[in-house]
Structures are given as structure tokens and as C-alpha cells.
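First comes the structure, then the notes that go with it.
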Amino acid sequence: MEYTLLLYLLILLGSLQLHFQSHGSSACLEEERIGLLKLKDSFIQANGSALSSWGVEDGDCCRWVRVSCDNITKQVVELSLNRTRPLGLGFTEGWILNASLFLPFQELQSLDLSGNLLKEDDMLSRLGTKSLKACLHHLMTCREKVKKPRCTDFQGVLRLSKLQVLDLSWNRFTEIPSLGALRSLKFLYLHSNQHMKNSSHFQEITTLRNLESLHLGYNDMAGEIPPSIGALTSLKALSLTSNKLNGSLPVEGFCKLRCLQELDLSINNFEGNLPSCLSNLTSLRLLKLSENSFGGTIPPTLFPSLKSLEYVSLSYNHFEGSLSFSSFANHSKLEVFELDSHNNNLKVETENPAWKPLFQLKIFRLSNCKLNEPTGALPSFLLHQYDLTAVNLSHNSIIGKLPIWLLINNTRLKFLSLANNILTGTLMLDSNSKNLEMFWIDVSMNHIQGELPSFIGSSLPNLLLLNMSNNALQGRIPPSFGDMGRLDLLDLSNNNFSGQLPEHLVMGCVSLRILKLSNNNLHGQLLPKRSNLTRLFYLFLGNNHFSGEISGGLLNSSYLQLLDSSSNLLSGKIPDWIGNFKFLSSIILSKNSLEGSIPMSFCKLKRLRFLDLSSNNFIHSMPSCVNLSSLRYLHLQGNTLTGHLPNVLSTASSLVTLDLRDNKFSGRIPSWISLLSNLRVLLLKGNDLEGSIPFELCQLIILSIVDLSHNNLSGSIPYCLPSIPFGMKINFDDTFRTGQYGRVSYESYTRYSYRSQLEVGQYIVDGYSTSDEVEEVEFITKSRAESYRGNILYFMSGIDLSWNKLTGPIPPEIGHLSGIHTLNLSHNCLNGSIPETFSLLKQVQSLDLSHNRLSGQIPSQLVELNFLSVFTVACNNLSGRTPDMKAQFATFEESSYEGNPILCGLPLQRSCTTSRISPSAPPPSRSSNGGGFTGGGTSGGGASLVETAIRVRDLGVGRMGVTDSQ
């Protein structure tokens, strides 16, 4: 027995000795060492930094960095060549990673080439391989079957039969490589290539029956998922997130993946209903389907069967029907639930039937749903949750008291949004406790009353965002806000706060970027002189009672980009130091009592985009040195500016809105107006402009609103006006889109991290945005002044030339403005007839031709204007029959036609079959040349001879029937 054992040991020692002799003692294989050095040569760049330690001192390649060997055979089993080449060299030409360099590594199990910015061309061999597909083919196939394949001519076969992990992520591949021969592959990472549009080889991947994890996210793949995905029966984790995949989920595919534990299909274009057979995937821990176009009803059997669920995200889809939260009554592992609805059509019930949770949520997002109708109750199961880090229940119409207990019960709560509900009560905090985790609170758009706690700053010292706008809060703003040294955004707008701005707030909130206090009752100085808001970008203080001169407290905010102090009681002049704000792009100081001149320091403002100084007492226009190259919106209306329209405006080539209404500008409309090629809105109403309307105006081909009313313009209406589309071509660019400022939060979970192969759910993501300024235009339409704001301006079009001295006939070409909504030519001296082409104004809603000298008949075709709601031709010399009272014309009253003595027909009291003059009524006056009659105190001369004869006979006889045949 002992002899047998001794003999066995001798044989074993002999075998080991032979092994070490043939393989170089305990070092790595020589051919693999040489292979690694060749790999190094292919990676080295001019700086020689890539894999620089390889082969320098230690000859045993198994000890080299990024290399792992088998402990017994000393063969290379893992190569970690991720991020080997410097990112700055990723696009250099001529670097070739020859696929044959991997041939020596027959026992390779893991290959990581991620983060090298490789493209297909980067993988070319010098032997004429034309694509990545061909290159990898040499790694996988060989026609000659030998024990140790050493294919060097790429005609033989090589099988990386042991390869289990392949990472090609974070490169620049444009197609999925051909990988069908890697039969042992278990983990495949092809995510984050961004330009991988060609997914033709996806079908080939489905032949890898041992595959357990497949990550194809963050690419540019389009098309549908093939049903053959169901062949991957070993798959445990699948991510296709952030692509352009579409269609519905293949039922015969996904429902066969019984081993699936993690599924991430978020941020695609999938649509249709969720397959009910997903409930068969009982091993599923993570289900992320957010940001798609899924619709229909969420299958009621889906969640009760999936008791292993830990992470559920269905946000931003188009689900309808109803969902009962009692479906999760038997789930003990649930940590994350996200369902932010896209369409507010999903009914969610959390109260009936009654249930008690077995789980402890970390994240709960349920917003924009029809929650617990009709009671609007807050989900009561939250009373049993004590480990929440993020809660979003916004836009649910929740009714009840502000749930302060959420903060008390969940001491690790970082994020809380209850915006746009019907919550009441006051913000009651414990003066003896601090919440050091909380960084985000949004309770805006509710009915919260009362005063804020004086110690709010010390209770929530680490807040980054606090939004309590659009409530009914009152009292003074607590000075303790100054204890929030990390506060980035504070919005208390649209409340009833009073008093002055606390000095401690503007001195202590040194991180503040956005301060929004507009629409309150605050008073005092604009900003205290000791303000230390050095990082402030956006300041909204409009519609308060701030008074005095513009305070020097702004001087420390050198990064200021937007200043809105409109609708206050500010007085004095704009200070010269305003020009020191080199980043300032929006200045809104309208509706104050500012006076003097626009300062010369405006010439230093190189980024000015929005300037509103309207409704003040400025007397001098803009300095000639002002740089207007970036200016898009200029509002100077309602001042006492004099002189000609300033020539400096001719340099404002980006100008979209020019509003100079209600000033004292004089002279002619300059010919340089044609240089404002981006102008959409031109408002010159209420000045002393004279001369004719220049033909250069017709060169502004994207103009949509023109108001030249209440001036002294003369001459004829330019016949070229129809060359401007006026609403016929709507261009939805960013012209009237308000700039959005705010914060998108990607705060990491310092207290919670969901462990996933697919690395999801590591951040709290939410945002706050507010517009920098909303472009607003006032224009008279339908006989009343209307204000048009923001996106509605894309759809508005109109011309107002009223209250001038325009003469001559109305050009028939005006009728070709088929997209115009408002046309006002009233209170001029226009003559001739109403063009029949006006029946082509198919979109017109308001048409005012009153108080002119128009004659002839009203075209009967005007009854075809189906959108017309205001129509008046009063006080002209029109004759004949009024249009038939049908369609929109059935709504017009006598006032639309009065002041035309020989016009007859309803709704006038003058019949066209029995026309007579009342004895008490004075006869119409004759024109000075004895031909024709005038109405409304204007001269005509446009009546036909037949009409004149009829009127003379009518005057002479007293009663004479006048028929249509006459």
C-alpha cells in the first residue's frame, strides 16, 4: 500500500517536472508572452504610455497589469485592455488592431476592449480584412482542425471556444459584430457605442444559447425586436435601453425568457400593450419600461405573480385603465416603484381593497395620475414606510393636509415633490431636529397657508432646491434662509409674502443661482447693499413694491444673466454700472418710474437678447454704440422717446420683436427696415410717423404681426404686402420658445444603491425649470386689445393700418393673405370697392373696413368666411344688399353696417324691396361735384348711375318701391 502511494507520487513529480521544463518553469507561456508584446506594440502611441510596464522588468507575463493567468496552466485567461488608449488619440488615423494578435490565447475566457473608441476600420488587419465582422471571423472559425491552431493566413479556423466574457462597450462601432461562433459566451457588453445603427446581426446573437447577460443599451439601433429573442433561454439580464427600437414586444419571444431576472427596455419607441404573459417571468427582479409609448391597460395579472420584483419603472408611457396597488400586497422585496404618467389617463387605487405592505420602499414615484378618485386621498400605505429616500406624488390632485409626517417617519428622505395638488395647512417643522439628507422639496401649486417657520434654514440646512411657489403663504421671508449655504434655487413666487428681503438671506445663500420672488408684496430696496449672491444667474423680483433707485446690492452678482424687476416702484435712472455685467442677456425693467436716458454703458453689453424698458419715463432712445447683434426682443413702448427711429436698430439683424408703440417718434419709416430679416412682430402704433408705407416692408418675408395704427401715414397700401405669408407658413422654430433655466438633478444615492448587473437606478433624477422671459405682444383684434404670449404667437397673424391717412383703393392682392387672422384698415380715406378677393381670406377672424370712403356692394362671397367673428363696414358709401344672414354673417348686428345710407337688407331696418326716407331724417348730403352721396361724413363718388337715379327718384317721390330688378 505504501509502495503504491510512493510510486504514484514519483510519477506525479515526474509529470510536473516535464511540464515545467516544457513550459519554462512557473512563468507564462513564451508564445503568449510574445503575443502580449505584439499587442503592446499595436496599442503604443507617440507618447509610448500604453501598457508601458509590459516586459520592462518582469519576464513573467502573468504578473503584468491587465493580464490574468490560470494558476495551474499559466495560460492567459483574462485580458483587461479597457481604456488603454488615451481618449484624445481615439480618432487618429492609421492605428490598426490586428485581430490575429489574439490567436495565441487559446484559453482566453474574458476580453475587455471597452473605452478605446474603436471603429470597424480600427480593427482591420493588414491582410485585407474589410470589416469588423471579418476580423472577428478570424477569431472564431477555422477549417483546419488541429490541436494547437496557429492560423496566420486568415484562411484557417480559430475558435475562442473558452471565451465567456466579451466587452466592446464605449467604442464607436456602427454595427453589431458577427459573434455567432462564440458558443461559450455568457456575458456580452456592446452598450454605449452611440452610432450602432446596423442591428442586422442581432438575429445571430440569439443563437448564443449560453448567454446570461446581454447589454446593447445606449446605441442608435432601430427596428423591432425579433421573436427569436426567446431562444436565449439562459438569459438573466437584458438591456436595450436608450435606442430607437419600436413596435410591440414579441409575445412569443419575451415570454419564453423564464430565467430573466433583469429587463431594461427604457427610453425607446416601443408601443402597444404589455403582454400579459410577462407575468410568467417569475424570476424577474427588475422591470424597467419607462420612456416609451406603451399604452392600453396594465394587465391586472402582471404584478401579483412577480413576487420577486424589487425594481419597477413604468414612467412616461401612455397607460390607461386602472391599476390597484393591492397587487403588491404579497411583495416583500419591492424597493423601487416609478409610474410617472405621461397622459393623466391612468386611474390608480391605493386604498381599496384594504391592504398592508410587506415591503419597505426606497423610491416611490407616482405622478400625473388619477389617484384615488373621487376622494383624492394620499396613499395611506406610506404611513408604514420608514426608509424612503425619494417621493414624487406631484400632479395627482391629492386632497388633504400637507403630510409633514413623511419627513418625520423617513429620516433619510432626500427628495420630496408634492407639486400641483390640493394640499392645505401649514409647513410645520420640528425646531429641535435637523434633516441633513434632504436636498429637494417642491410643494408648489398647492393651497398651503400661513407663515414659514422662522428656523426653516437650520432645520433643512443642506437643501439645494426649495420651490413653494403658487401657494397662499404670507408673512415675512425668514432670515434663517441664510443658513442654507448650499441652496441653489429658491422659488417663493406667487404668494403673499411681505416685508423686506432679509439681509441674512442675501448674505448667507452664497450658492444661490436662481432667486424667484416675483408676484408678492415685498418692499424696500431691490437688494440690500451687503448682498453676497456671487453665483447668482437669474433674479426674478417682478410685481412687488420695491422702491427707490436700482440698488448697488447687485454689484456682487457679476455672473448675472437675467434681471427682472418689472412692475415695481423703482425710480431714478438706470445706473451706469449696469454695463459691468458682461453675461447679462435679459433686462426687464418695465412698468416702473425710471427716467432719463438709456445709459451709454449699455454699449458694453455684448450678449443682450431681451430688453424690456416699456412703460417708464425714458426720453432719449438707445445710444448709437449699442451692440444689438444678439438682441431678439426689444420693448420700448409707453415712454416719451422722440426723434426718428434710431439708425442703430438697423444692426439688429436677429431682432424678432420690435415694439416702439406709444412714443413720440416722428419722420418716415426708414428703408433699412428691410435689413431686419428675422422680424416677426413690428409694432409702431401711436407715434407721429408720416409719409408712405415703404415697399421695403414687403421684404420682411417672415413677418406675422404689423401694427402701424394711430400715426400720420399717407399714400396707398402697398400692393406687395401679400408677398409676406402672414400665417400661411408656420415655422415652429425657437423664435417664441421661452428659454428654460433651472436645474436637473442627478443626485447620487449616498444612502441607497440598487445592485444590478445593468447598473440602473443609481441616481435621483428630477428637474426644475422656469422661463427666462415670456415674449408677450399686445395687438388689437376683434375690437379689443389682446395679449399673446409664448407659443401662441406662432399662430397669430394680423395687419392693423387703422387711424392713418391712407388713400386710394384697397389692392385686390390683399385678398390673397389667406392665412391672416386680423385685418384692420379702418379710419382712413380709402375709396373704391371692397375687393371680391377678400372671400379668399379663409382664416380671417376680424375684418374692419369701417370709417372710410368705400363704395359699391359688399361681395356676397364673404359669407364663405367661416371663421369671421368680427366684421364691420360701418360709415362708408356702400350700397346694395347686405350679405345673406347665414353662417357667421347671421351673428352680425346692425352696427356692422350702419352709416351707409343706401345700404339695405337685414340686419338693417332698411328693406331692399321698400326703401324709403323718413320725413324726420335729414337727406344724405351731396358730394361737392354733385355726383354720388357720402355716408358718415365721408365723400364717396363710387355709386353707379343706376343707383344714383334710384336715389334721386326716391327723394323726389317720397315713397317709391325699389326692387332688385331696378
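The values are calculated or read from the model by the stated rules, or taken from the named source; none is laboratory data. Remember, it's a predicted structure, so these values are computed and weren't measured experimentally. Backbone-built Cβ (ideal geometry, glycine too); neighbour counts: all protein chains shown. Note: areas computed on protein heavy atoms with side chains; ligands, DNA, RNA excluded. Shrake-Rupley method; radii C 1.70, N 1.55, O 1.52, S 1.80 Å.
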- Note on the structure: Those trypsin sites (Lys or Arg not before Pro) from the range 651-709 that are DSSP loop and have at most 15 other Cβ neighbours within 10 Å turn out to be none
- Message: Suppose the chain between Asn71 and Asn210 were pulled fully straight at 0.36 nm per residue; how much longer would it get relative to their current alpha carbon spacing?
- Response: 47.5 nm
- Task: For the range 50-55, take each phi angle, set θ = phi - 60°, evaluate the Karplus expression 6.51 cos²θ - 1.76 cosθ + 1.60, and give the result in whole Hz per residue in order, putting x for glycine and proline.
- Result: 5, 6, 5, 7, 5, x
- Of the candidates Leu554, Ile578, Leu608, the farthest towards the positive dipole end of the range 458-609 (Lys/Arg Cβ +1, Asp/Glu Cβ -1, centred on the Cα centre) is Leu608
- Message: Based on alpha-carbon centroids, what's the gap between the range 865-914 and the range 639-699 in Å, whole number please?
- Response: 37 Å
- What FRET efficiency comes out for the pair Asn330/Ile404, r = Cβ-Cβ distance, R0 = 45 Å, nearest 0.05? 0.90
- Task: Hey, can you find the accessible area per residue of the range 222-297 for me, probe 1.4 Å, expressed in square angstrom?
- Result: 33 Å²
- Message: 7 Å from Cα along Cα→Cβ at both His384 and Ser895: what's the point-to-point distance in nm?
- Response: 6.6 nm
- Give, in whole angstrom and from largest to smallest, the semi-axes √(5λ) of the equivalent ellipsoid of the range 530-670, with λ running over the eigenvalues of the Cα gyration tensor. 25, 17, 12
- In the range 528-656, carbon and sulfur make up what percent of the accessible area (probe 1.4 Å)? 47 percent
- Heavy atoms only, probe 1.4 Å: what % of the accessible area of the range 223-296 goes to carbon and sulfur, would you let me know? 44 percent
- Sort the range 353-475 into rounded, prolate or oblate with this rule: let a ≥ b ≥ c be the square roots of the eigenvalues of the Cα gyration tensor; rounded if a/c is under 1.5, and if a/c is not under 1.5, prolate when a/b is larger than b/c, oblate otherwise. oblate
- How many nm is it between the label spots at Thr640 and Ser431, if each spot is 7 Å from the Cα in line with the beta carbon? 5.4 nm
- Task: Go ahead and run the numbers for FRET between Gln861 and Ser654, Cβ-Cβ distance against an R0 of 35 Å, rounding to 0.05.
- Result: 0.25
- Length gained, Asn344-Cys603, 0.36 nm per residue minus C-alpha separation, equals 88.3 nm
- Message: Under the rule of at least 5 residues apart or a separate chain, name every residue whose amide H is placed under 5 Å from the amide H of Thr174.
- Response: Glu120
- How large is the dipole of the range 335-442 about the Cα centre if only Lys and Arg carry +1 and Asp and Glu carry -1, each at its Cβ, rounded to the nearest 20 debye? 100 debye
- Length added when fully stretched, Ala222-His620, from 0.36 nm per residue minus Cα-Cα: 137.3 nm
- Query: In the range 678-725, if every C-alpha pair distance is counted and binned at 5 Å from zero, what percent goes to each bin?
  - Reply: 5, 21, 30, 27, 16, 2
- Query: Sorted by accessible area with a 1.4 angstrom probe, largest first, how do Lys244, Lys582, Lys288, Lys236 fall?
  - Reply: Lys582, Lys244, Lys236, Lys288
- Task: Report, in debye and to the nearest 20, how large the dipole of the range 256-368 comes out about its Cα centre when Lys and Arg carry +1 and Asp and Glu carry -1 on their Cβ.
- Result: 420 debye
- Note on the structure: If every Lys and Arg gets +1 and every Asp and Glu gets -1 at its Cβ, then about the Cα centre the range 200-252 yields a dipole, in debye to the nearest 20, of 100 debye
- Exactly which GluC sites (Glu not before Pro) in the range 411-518 are in a DSSP loop and have at most 15 other Cβ atoms within 10 Å? Glu451
- Message: Compute the distance from the alpha-carbon center of the range 311-354 to that of the range 400-438, in whole Å.
- Response: 23 Å
- Task: Evaluate E = 1/(1 + (r/R0)^6) for Thr174 and Ser397, where r is the Cβ-Cβ distance and R0 equals 60 Å; express this FRET efficiency to the nearest 0.05.
- Result: 0.80
